[in-house]
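Novice: Here you go, one structure.
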Amino acid sequence: MTENRVVITEFGTAAYPDPCKNIFSRFFTYFRGIEVTDNCLVNVYPIGEDFYAVTETNYITKVDPDSLETLKKVDLCKYLSVNGVTAHPHTERDGTLYNIGNCFGKNMSLAYNIVKIPPVPKDKSDPIEKSQVLVQLPSSERLKPSYVHSFGMTDNYFVFVEQPVKINLLKFLSAWSFRGATYMDCFEPNASMGTWFHLASKEPAGYLSSHKFRTSAFNLFHHINAYEDEGFIVVDLCAWKGHEFVYNYLYLANVKEEWEEVKKAAARAPQPEVRRYVLPLDIHREDQGKNLVSLSYTTATAVLHSDGTIWLEPEVLFSGPRQAFEFPQINYSKCCGKKYSFAYGLGLNHFIPDRIVKLNVQTKETWVWQEEDSYPSEPLFVPSPGATEEDDGVLLSIVVKPGAQRPGSLLVLDARNLTELARAEVNTIIPITLHGTYKP
Ligand SMILES: CCCCCCCCCCCCCCCC(=O)OC/C=C(C)/C=C/C=C(C)/C=C/C1=C(C)CCCC1(C)C
Ligand SMILES: [Fe+2]
């Protein structure tokens, strides 16, 4: 506001150069370092006893959960070799937190680093100071890491899906910030690689380099859950078919159009599907050409090829024309990394969030909450105190109802059948939200 211009480049918006600087001083400002955004609009999660609002860069913002005051900006690069981490970490019961991020190393070496932040130490010092890189996973392409938005975690393994949406590092380092390019301008599809699944063990931590899982191209933002069962790793996720980047369809212009235009644009975009992939852990050369998946309850397959790769075909758990089940949530404290039944998600109709959906991932049964002219957001599952059933709890969702007298509300649904239990309305517009956390 003071500068009267956009000063920091955001995901799809380029900063305006400082008009007071000539081309030479702009050049030197650039080489002093790219100013990376700290715009923490994507998620809020706890690290130890603190709460952080985050985006996907190296900057995370510590906030006071009571007053919502900004407490400090933390630069993860001071503690870890990463250029950013996802807004979707995993947390164990004891508070240990894991995340994954791109690492542009020395000599242009590229990797994905899985990082670990331990629980609060006995001396109550900041656990971030004790963070470490646990495992390094290689990139399928030199100079082009894939965009990573989330990852899977079972009791003993990490699952990383390397998608065909690539970040062109040369573009990133040369064009970005200097010539008015945005993060979005640095993405490009890889039309030939398909999608690669990587596994890493937790304890001892290590990359399982001989397990080369491949499947056809899809975009991936959100894992739903992953678990181990009878020597297999089951991975449930929200896929968008094809290698073209889904974010290309999320420009403001796409939603400003008439509904018929919105539908036409969505028809061209990658199509959504909830999928189950099954990764065998035990692989023997003599099983070449056979389906290695012997789990009784899934049609997902994994076939070993002569080059040592394992080709995966998924089981579809949910699909509908331009109807996405996205922003998935589960009963995390009970089911993360475990065999489970229920996923809750935001229903996107041609990219417009208009429903909350519950999906039984075992039977494929669905339940829906929907209200006219209402736009809900990610449904957070909060278990009932002392609950024993997986779906005994409530779903919390922020609902935007434009034009209503009270256009914003917090909706509370019974997670068993998606009936409304309560809503708290406010007299102001709340922008639609991406992700969040329930703090008791
Ligand atoms: C309730 C909203 C409904 C909207 C409907 C949209 C449909 C969505 C369909 C797909 C699901 C996608 C969900 C993802 C949403 C989300 O979280 O988006 C926000 C993400 C942001 C703002 C990410 C910012 C990331 C940045 C700035 C990363 C920067 C970097 C790189 C790109 C390369 C490596 C370096 C660095 C600096 C980390
Ligand atoms: Fe996300």
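Novice: For Val368, work out the one condition from (1) over 28 Å from Pro46 (Cβ atoms); (2) open to solvent by less than 40 Å² (accessible area, probe 1.4 Å); (3) of a type in the set (A, V, I, L, M, F, W, C) it doesn't fulfil.
Specialist: The failed condition is (2).
Novice: Considering every residue within region 347-367, establish whether at least one is within 16 Å of ligand 2 (Cβ to nearest atom), part of a strand (DSSP E or B) and more than 24 Å from Glu315 (Cα to Cα).
Specialist: Within region 347-367 (the criterion being within 16 Å of ligand 2 (Cβ to nearest atom), part of a strand (DSSP E or B) and more than 24 Å from Glu315 (Cα to Cα)), the answer is yes, since at least one residue qualifies.
Yes/no per residue for (1) surrounded by fewer than 15 Cβ atoms within 10 Å (Cβ to Cβ); (2) among the aliphatic types (A, V, I, L, M); (3) within 24 Å of Phe11 (Cα to Cα):
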site: Val234; (1), (2), (3): no, yes, no
site: Asn254; (1), (2), (3): no, no, yes
site: Glu257; (1), (2), (3): yes, no, yes
site: Val262; (1), (2), (3): no, yes, yes
site: Pro272; (1), (2), (3): no, no, yes
site: Pro280; (1), (2), (3): no, no, no
site: Ser296; (1), (2), (3): yes, no, no
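Novice: Given the criterion touching an Asp or Glu at 6+ places or on another chain (Cβ under 8 Å) and part of a strand (DSSP E or B), identify the matching residue among Val382, Val399.
Specialist: Details: Val382 fails: touching an Asp or Glu at 6+ places or on another chain (Cβ under 8 Å).
That would be Val399, the only listed residue that is touching an Asp or Glu at 6+ places or on another chain (Cβ under 8 Å) and part of a strand (DSSP E or B).
Novice: For the condition open to solvent by 10 Å² or more (accessible area, probe 1.4 Å), in a helix (DSSP H, G or I) and of a type outside the set (S, T, N, Q), what is the one hit in Glu228, Glu286, Glu244?
Specialist: Among Glu228, Glu286, Glu244, only Glu286 is open to solvent by 10 Å² or more (accessible area, probe 1.4 Å), in a helix (DSSP H, G or I) and of a type outside the set (S, T, N, Q).
Novice: Among the residues of region 83-117, what is the count of those that are within 17 Å of the chain's Cα centre (by Cα) and either modelled with pLDDT of 95 or more or closer than 13 Å to Ser150 by Cα (or both)?
Specialist: 18
Novice: Checking the conditions here, which among Ser125, Ser131, Ser146 is polar (S, T, N, Q), within 13 Å of ligand 1 (Cβ to nearest atom) and at pLDDT 95 or above?
Specialist: Result of the check over Ser125, Ser131, Ser146: Ser146.
Novice: Go through region 174-225 and count every residue that is among the hydrophobic types (A, V, I, L, M, F, W, C), free of Cβ contacts under 8 Å to residues at least 24 places away in the same chain and surrounded by fewer than 17 Cβ atoms within 10 Å (Cβ to Cβ).
Specialist: 1
Novice: Within region 191-213, count every residue that is part of a loop (DSSP other than H, G, I, E, B) and more than 20 Å from the chain's Cα centre (by Cα).
Specialist: Start the filter on region 191-213 by keeping residues that are part of a loop (DSSP other than H, G, I, E, B), which leaves 191-194, 203-204, 208-211.
Still in the running and more than 20 Å from the chain's Cα centre (by Cα): 191-193, 203-204, 208-211.
So the answer is 9.
Novice: Limited to region 324-335, what total is found for residues that are within 16 Å of ligand 2 (Cβ to nearest atom) and either in contact with a helix residue (DSSP H, G or I) (Cβ under 8 Å, 6 or more places away or on another chain) or assigned to a loop (DSSP other than H, G, I, E, B) (or both)?
Specialist: Selection size over region 324-335: 1.
Novice: Here's something else I'd like to know. Based on what the data block shows, is Tyr59 open to solvent by 40 Å² or more (accessible area, probe 1.4 Å) and either in contact (Cβ under 8 Å) with a residue 12 or more places away in the chain or over 23 Å from Ser333 (Cα atoms) (or both)?
Specialist: Criteria met by Tyr59.
Novice: Looking at region 45-91, which of its residues are of a type in the set (Asp, Glu) and either within 13 Å of ligand 1 (Cβ to nearest atom) or in contact with a strand residue (DSSP E or B) (Cβ under 8 Å, 6 or more places away or on another chain) (or both)?
Specialist: First pass over region 45-91, keeping only residues of a type in the set (Asp, Glu): 49-50, 56, 64, 66, 69, 75.
Hits for region 45-91 are Asp50, Glu56, Asp64, Glu69, Asp75.
Novice: Could we say that Glu228 is at pLDDT 95 or above and within 22 Å of His284 (Cα to Cα) here? Give the steps one after another, and end with the answer.
Specialist: Numbers: at pLDDT 95 or above: yes; within 22 Å of His284 (Cα to Cα): yes.
It is true that Glu228 is at pLDDT 95 or above and within 22 Å of His284 (Cα to Cα).
Novice: Let me ask something else about it. Residue under question is Arg268, and the condition is that it be buried (at least 16 other Cβ atoms within 10 Å of the Cβ), within 16 Å of ligand 1 (Cβ to nearest atom) and of a type outside the set (Ser, Thr, Tyr); does it hold?
Specialist: Judged against the criteria, Arg268 is not a match.
Novice: Next question, about the same structure. Which of the following residues is at positive phi and open to solvent by less than 40 Å² (accessible area, probe 1.4 Å): Gly386, Gly320, Gly345, Gly337?
Specialist: Working: Gly386 fails: open to solvent by less than 40 Å² (accessible area, probe 1.4 Å); Gly320 fails: at positive phi; Gly345 fails: at positive phi.
So the residue among Gly386, Gly320, Gly345, Gly337 that is at positive phi and open to solvent by less than 40 Å² (accessible area, probe 1.4 Å) is Gly337.
Novice: Please identify the pairs in which a residue from region 413-437 that is assigned to a loop (DSSP other than H, G, I, E, B) has its Cβ atom under 8 Å from the Cβ atom of a residue that is within 16 Å of ligand 2 (Cβ to nearest atom) and open to solvent by 70 Å² or more (accessible area, probe 1.4 Å), counting only partners at least 6 apart or on another chain.
Specialist: Matching pairs, first to second residue: Leu434/Leu41.
Novice: Working only within region 295-323, note down all residues that are closer than 23 Å to Lys358 by Cβ and part of a loop (DSSP other than H, G, I, E, B).
Specialist: The answer is Tyr297, Thr298, Thr299, Ala300, Pro314, Ser319, Gly320, Pro321, Arg322.
Novice: Identify all residues within region 266-283 that are among the basic types (Lys, Arg) and either part of a loop (DSSP other than H, G, I, E, B) or within 16 Å of Trp311 (Cα to Cα) (or both); write none if there are none.
Specialist: Arg275, Arg276
Novice: Quick one: count up the residues across region 92-111 that are closer than 18 Å to Thr55 by Cβ and more than 11 Å from ligand 1 (Cβ to nearest atom).
Specialist: 3
Novice: For region 34-55, how many residues meet the condition of being under 16 Å from the mean Cα position of the chain (by Cα) and open to solvent by 40 Å² or more (accessible area, probe 1.4 Å)?
Specialist: The number of residues fulfilling the criteria is 3.
Novice: Has region 70-79 got any residue that is part of a loop (DSSP other than H, G, I, E, B) and either small (Gly, Ala, Ser) or over 22 Å from Thr37 (Cβ atoms) (or both)? Working first, answer last.
Specialist: Filtering region 70-79 down to residues part of a loop (DSSP other than H, G, I, E, B) leaves 79.
Then drop every residue that is not either small (Gly, Ala, Ser) or over 22 Å from Thr37 (Cβ atoms) (or both), which leaves none.
No, region 70-79 has no match at all.
The values are calculated or read from the model by the stated rules, or taken from the named source; none is laboratory data. Keep in mind the model is a prediction, meaning the values are calculated, not measured. All Cβ positions, glycine included, derive from the backbone under ideal geometry; neighbour counts span all protein chains shown. Side chains included, ligands, DNA and RNA excluded: accessible areas come from the protein's heavy atoms. Shrake-Rupley method; radii C 1.70, N 1.55, O 1.52, S 1.80 Å.
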